[in-house]
1. With a point put 7 Å past each Cα toward its Cβ, work out how far A:VAL27 is from B:HIS207 in nm, to one decimal.
2. Considering only the range B:103-240, what is the antiparallel percent among its DSSP beta bridges, to the nearest 5?
3. Work out the charge dipole of chain A with +1 on the Cβ of Lys and Arg and -1 on the Cβ of Asp and Glu about the Cα centre, then indicate which of A:PHE79, A:LEU136, A:GLY124 is farthest towards its positive end.
4. Taking the Cβ of each residue in A:ARG118, B:ARG89 as the centre, tally the other Cβ atoms inside 10 Å and list the residues starting with the fewest.
5. Based only on other Cβ atoms within 10 Å, what is the fewest-to-most ordering of B:LEU16, B:LEU216?
6. With the cut-off at 1.5 for a/c, could you classify the range A:16-165 from its C-alpha gyration tensor as rounded, prolate or oblate?
7. For the range B:228-306 and the range A:50-72, what is the separation of their C-alpha centers, rounded to whole Å?
8. In the range B:1-138, what percentage of the DSSP-assigned beta bridges are antiparallel, given to the nearest 5?
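Each value in this text was obtained by applying a stated rule to the coordinates, not by laboratory testing. Keep in mind that this is a model prediction, so the values were computed, not measured. Glycine gets a Cβ as well: all are built from the backbone with ideal geometry, and neighbour counts include every protein chain shown.
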Amino acid sequence: MNSSHDTLPRAAIPGASVIARLSCMVVQPVLSRVVRRIAERHPSLFARLGPHQGTDFVIDPVELPFALHLRPDPEALVFRAVPRDALPAAGATIRGKFMLLLELVDSEEDGDAAFFSRDLDVTGDTEAVVRLRNALDDVDGSIAEETAEMFGPPGRAILARLRRAYPT
Amino acid sequence: MSLAELICPAGTPAALRTAVDAGADAVYCGFQDATNARNFPGLNFTPDELAASVAYAHDKGAKVLLALNTYPPAGKVDLWRQAADTGARLGVDAFIVADMGVADYIARTHPQVRLHLSVQAAASSPEAIRYYCENFGVKRVVLPRILTIPEIREIRKEIPCEIETFIFGNHGLMVEGRCSLTNYLTGQSTNMDGVCSPASDVEYRRHDDGSMSSQLAGFTIDCFGSDEKAGYPTICKGRYTAPHRTEGYYAFEEPISLNLSRLLPELIAAGVHAFKIEGRQRSKSYVRGVVSAFRQAVDDIRAGREANIADLVALTEGQKQTQGAFETKKWR
């Protein structure tokens, strides 16, 4: 796996800010639906998160035009796409390529190995990240496939296309 | 005769099911408290989760070993006794213990449950091992990773219990995990609190040049260049400068993992009964990959075939591996 991240400053790309905001608008309804569904189906996630249910996680897929803001509070779930120039103050930030992050969520990749290889960056509250990792790792099955299933054949097709586009 | 059992890690119920499905003969795990040496945030089992996990494992013919392998602080033994009582009630197949008081309590209170001596006890001589066998009925000893295979063969002849050795994973040899370094910096103890480098004390800092430094309790313990592989934020694998070593060097141990896949036939021939895969803090992906690889290798050896084990270096700390002292005392 290539360890060099896409570090090109987004603001330097003409129109990057507009693209980021439009992208966020497009994906936001999907994200909201996804996080509610995952929370309903996997309530044990929250026990493992413990005191970090209220932590603001920034999950940064480096090659996408936006980052993700997750606050896994079961009473007030937040999962939204955010332009990088409007990120909230993060309790913890997790940064890597999109497909790696997806595979980490699904336990197809090992987080420690990704960290050793420097494909994964972690900053901020390390305990929050460890709790989130362990909570997600205790989920049986694939969250990515559950998400795709929510959207039927188009969802499955998009996931398959994504996986083809990111050969591992 | 060597049973060549595969003893596999499980940090969560899902990891336990993954290990069992991947071919584990036994899985080891712990409660969400200081009674086990991987007392990490979000990891480990509630009693209800352990009950369901024991049922799952037993349905598939696998055993569950409960790690109670930390040391109770003076006068605070209740947590360990309660954990033992709960484990016995839930039907675990063995307790992995380090402390003599815990061993004594279990031997007296739950004599029907096997006792395994944790590597945390650091028993490495026939005399020490026999002491635990004679006084507490220990059935198996997990040997420290400081012995060569010929030494293991000799010990095997002189003790009345089974031998378990590590074959893959973390290579932290600070008197076999009985490390005081983390206590020195953080105030929390590997031996009594079950935490090595508590995550709440760890901080990673990314620098503009792409390098990353790791800090424990505010002290920088390593800095990795932009293209350099990283390791765990443990003091024992930190890199330091000294007046005579200004370039930075690993004062205790370097980030590296143990991998004895090539030595499996020799270990079986030496009479090792069980092989332990380290990594309760690792993901299901790690468990699936490592357990499957070693399951295949052990089955190949038992069937008289040459074992062709998968390349596991991507899962190793620092992406480096060693056969450590098992191959030669010159390893260090």
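1. Distance between label points: 3.2 nm.
2. The answer is about 65 percent antiparallel.
3. Going by the charge dipole, the pick is A:PHE79.
4. So the residues, fewest neighbours to most, are B:ARG89, A:ARG118.
5. Ranked by crowding around the Cβ, least crowded first: B:LEU216, B:LEU16.
6. The shape class here is rounded.
7. 32 Å
8. Once the DSSP bridges in the range B:1-138 are tallied, antiparallel ones form about 0 percent.
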